[in-house]
Amino acid sequence: MVAVILGGAVVRATNSGAGCGESWPRCDGQIIPLSPEGATLIEFSHRMMTAALGIVLLALVVMVRRHYPAGHRVRRALLWTFGFFMGEVVIGAILVVFGWVEDDASIGRVFAVTLHLMNTFFLLGAMTLTAHFASGRPPVAPDWSRTRDRLLLTGVIALLVVGASGALNALSDTLFPADSVLDGIRDEFGPTAPFLLRLRTIHPLVAIAGGGILFILCRAPSLAGWQRANRYSVAVQVLLAAQLVIGLMNIALLTPVETQVAHLLVADLLWILWVLLGAEVIGARAGYGAREVEPA
């Protein structure tokens, strides 16, 4: 699933979204293009990866239905996973059919890209919870009267906001590449700068603020005490530092595809770890309870 998400970033960063034309699910009117090259190869490969993921998810649905009773939390989490996966497919198809690819800078594309990022995070979160529950961990039932549950929700919101601003920032980098860092700054603050280009100044500030919020939350006493949760918390803090370094490299190197993919990978891992952290903290109260003793 993470590989498919990163493949989508490669499609956007290389301006290959129209590699199969405006036809979907066919590619240039064909089920399988006979001699795909360049943008067509990149876009078609991404579609094939998505199709393969769909097959894996269907197989997983069959297995889960055989091994878990109706209403089980693993079944519910996987149902949400499949629903968000279909959402990804629909949003991807809309981008192609409406021509919101390549050099398009319409409001429709801005909205679709933002929705795409949020749906991607929800898809990853649902898949993470599916694996978490299938590993025998307790159910998750948030109690918003508790401080720690509200802190976890704050982290979720921070990650979604940073992720959405990052998706728009990446789109702006693709549409308005800069010849140098200074030229990029001049373009962003220029009197005739397009809407998307002006948005590019926001993401670094939002990312620093969001990263600071997550770091503070990880140090909150109300989220500490459970062994697994502590490990997830430390991992989140390490990835926050790595993300800052990669973000600075991305700007300094003028956003090459490699650093863009690495930036998105770390963002995905941060989201997965935060979901696991929240599930462990909330589930420990509802299930096993003990702060220092875990089940085998």
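The values are calculated or read from the model by the stated rules, or taken from the named source; none is laboratory data. Values in this document were obtained by computation on a predicted structure and should not be read as measured data. Here the Cβ is made from the backbone with ideal geometry for all residues, glycine too, and neighbour counts use every protein chain on show. Quick note on the areas: whole protein, heavy atoms, side chains included, nothing else; ligands and nucleic acids left out. Shrake-Rupley method; radii C 1.70, N 1.55, O 1.52, S 1.80 Å.
Looking at the structure I just gave you, is LEU273 modelled with pLDDT of 95 or more and open to solvent by 40 Å² or more (accessible area, probe 1.4 Å)?
So LEU273 fails the test.
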- Item | Every residue from region 7-32 that is of a type outside the set (Lys, Arg), at pLDDT 80 or above and crowded, with 18+ Cβ neighbours inside 10 Å | GLY7, GLY8, ALA9, VAL10, VAL11, ALA13, SER16, GLY17, GLY19, CYS20, CYS27
- Note on the structure: Scanning region 175-205 for residues that are open to solvent by less than 50 Å² (accessible area, probe 1.4 Å), at pLDDT below 90 and either over 25 Å from LEU159 (Cα atoms) or out of contact with any helix residue (DSSP H, G or I) (no Cβ under 6 Å at 6 or more places or on another chain) (or both) gives ALA178, GLY184, GLY190, ALA193
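From GLY184, GLY163, GLY155, which residue is more than 20 Å from PRO256 (Cα to Cα) and not aromatic (Phe, Trp, Tyr)?
GLY155
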- Residue list for region 194-209, filter: out of contact with any Asp or Glu (no Cβ under 6 Å at 6 or more places or on another chain) and either part of a loop (DSSP other than H, G, I, E, B) or at positive phi (or both): PRO194
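Collect the residues in region 252-274 that are assigned to a helix (DSSP H, G or I) and either among the charged types (D, E, K, R) or more than 16 Å from GLY211 (Cα to Cα) (or both), keeping them in residue-number order. Before the answer, list the steps.
Taking region 252-274 as the starting set, the residues that turn out to be assigned to a helix (DSSP H, G or I) are 252, 257-274.
Matches in region 252-274: ALA252, VAL257, GLU258, THR259, GLN260, VAL261, ALA262, ASP268.
Table: residues versus (1) under 25 Å from the mean Cα position of the chain (by Cα); (2) assigned to a helix (DSSP H, G or I); (3) within 19 Å of GLY125 (Cα to Cα).
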| residue | (1), (2), (3) |
| --- | --- |
| GLY7 | yes, yes, yes |
| VAL11 | yes, yes, no |
| GLY17 | yes, no, no |
| PRO33 | no, no, no |
| ALA39 | yes, yes, no |
| LEU53 | yes, yes, yes |
| ARG76 | yes, yes, yes |
- Going through region 140-176 in order, the residues found to be under 17 Å from PHE195 (Cβ atoms) and either among the hydroxyl-bearing types (Ser, Thr, Tyr) or not in a helix (DSSP H, G or I) (or both) are SER165, SER172, THR174, PHE176
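Please pick out the residue among ARG231, ARG198 that is free of Cβ contacts under 8 Å to residues at least 12 places away in the same chain and either more than 21 Å from SER165 (Cα to Cα) or under 18 Å from the mean Cα position of the chain (by Cα) (or both). Outline the logic, then answer.
Values: ARG198 fails: either more than 21 Å from SER165 (Cα to Cα) or under 18 Å from the mean Cα position of the chain (by Cα) (or both).
On inspection, the qualifying residue turns out to be ARG231.
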- Residue under evaluation ARG148, criteria (1) over 30 Å from GLY283 (Cα atoms); (2) among the basic types (Lys, Arg); (3) surrounded by 15 or more Cβ atoms within 10 Å (Cβ to Cβ), criterion not met: (1)
- Applying the selection to region 106-139, what residues are assigned to a loop (DSSP other than H, G, I, E, B) and crowded, with 18+ Cβ neighbours inside 10 Å? ARG137, PRO138
- Consider CYS27 carefully, then state whether it is in contact (Cβ under 8 Å) with a residue 24 or more places away in the chain, within 26 Å of PHE82 (Cα to Cα), hydrophobic (A, V, I, L, M, F, W, C) and touching a Cys at 6+ places or on another chain (Cβ under 6 Å). no
- Query: Hey, among the residues in region 213-251 that are open to solvent by less than 30 Å² (accessible area, probe 1.4 Å) and assigned to a loop (DSSP other than H, G, I, E, B), which one's modelled with the highest pLDDT?
  - Reply: ALA220
